[in-house]
Every structure is written in structure tokens, then in C-alpha cells.
1. Does Tyr108 satisfy the criteria of being part of a helix (DSSP H, G or I) and aromatic (Phe, Trp, Tyr)?
2. Please enumerate the residues belonging to the range 41-73 that are small (Gly, Ala, Ser), assigned to a helix (DSSP H, G or I) and either buried (at least 16 other Cβ atoms within 10 Å of the Cβ) or on the phi > 0 side of the Ramachandran plot (or both).
3. Quick one: in the range 108-127, which of the residues that are within 19 Å of Tyr71 (Cβ to Cβ) and hydroxyl-bearing (Ser, Thr, Tyr) is modelled with the lowest pLDDT?
4. Residues that are of a type outside the set (Lys, Arg) and touching a Gly at 6+ places or on another chain (Cβ under 6 Å): does the range 56-73 have at least one?
Amino acid sequence: MRAEETTGVVLWQRAEGALVFGAALALFVRSDTGLVWWSALVLFFAPDLSFAAYGLGRKVGAVVYNSVHLYGLGLVLMAVGLALGLPLLSAMGALWLAHAGFDRMLGYGLKSTEGFGFTHLGPIGRQKR
């Protein structure tokens, strides 16, 4: 794939992340769980704690980080919450999904086993230079 094609694909994936982020936030707001803003913020950023798995090595870190940052995980949490009548679980799923979209929108993609700075959207951090 040529460089300009790769750039276009990455931009589409970042745009998709922005749409997922916005839609998931709207779902969270509509969930009306009564969560205070700071607890919602903590839940929104909670998936980033998965980076700690990199302490167990690059491969384990990438698997754990990617598992937590899949769109599907947030969707499953939302669906289970809706199916079981658990609005808090549904809201947590929406925040989880919003987080994954937010990361992709900013260019932080799923990680490669090469290391934390290598993602499916291209290198980040020091690797980008």
C-alpha cells in the first residue's frame, strides 16, 4: 500500500473513532444513571490502566491492552446491561466504548507486539519521530 493510501485509511479509522466516541457519549448521557461527573470520568479513563500489563512483557501487554480497547467489549457490556435491566452496566459499557473511540480518534490504535508505541494506526510517541 502506498503512503498516501495508508494515510487515507488511517484518517477514515480516526473519523470512525470520532463517530463511535460521540455516539457512545450520547448513549451514556441518555442512560441517566445519576453518576457524578468525576466517577464517569474515572470510568472513562479506566481502560488505560491495562497498559500496566506491559510489565509482563510486550506480547502480554499488547494482548491485554487490545482486549480492553476493542469496540466489542463496550458493546457487550452495554448489551448485557440492557438485557439484564442494569442501567449502570449499560452506562459503563457506553463509557468503555467511548474511550475506545476517543483513543482511535486521537490516533492511539491497537498495539503491536513490537511495543506500546507501535499501533495499527501507525507509530506513536518516540517511535513516531
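The values are calculated or read from the model by the stated rules, or taken from the named source; none is laboratory data. As the structure is a prediction and not an experimental result, all values here were calculated from the model. Virtual Cβ from ideal backbone geometry, glycine too; neighbours counted across all protein chains shown.
1. The answer is no for Tyr108.
2. Ser50, Ala53, Gly61, Ala62
3. Thr119
4. Checked the range 56-73: no residue is of a type outside the set (Lys, Arg) and touching a Gly at 6+ places or on another chain (Cβ under 6 Å).
Yes/no matrix, rows are residues, columns are (1) of a type in the set (Gly, Ala, Ser); (2) more than 14 Å from the chain's Cα centre (by Cα); (3) at pLDDT 95 or above:
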| position | (1), (2), (3) |
| --- | --- |
| Met1 | no, yes, no |
| Gly8 | yes, yes, no |
| Trp12 | no, yes, no |
| Ala18 | yes, no, yes |
| Ala26 | yes, yes, yes |
| Gly34 | yes, yes, no |
| Tyr65 | no, no, no |
| Val76 | no, no, yes |
| Val80 | no, yes, yes |
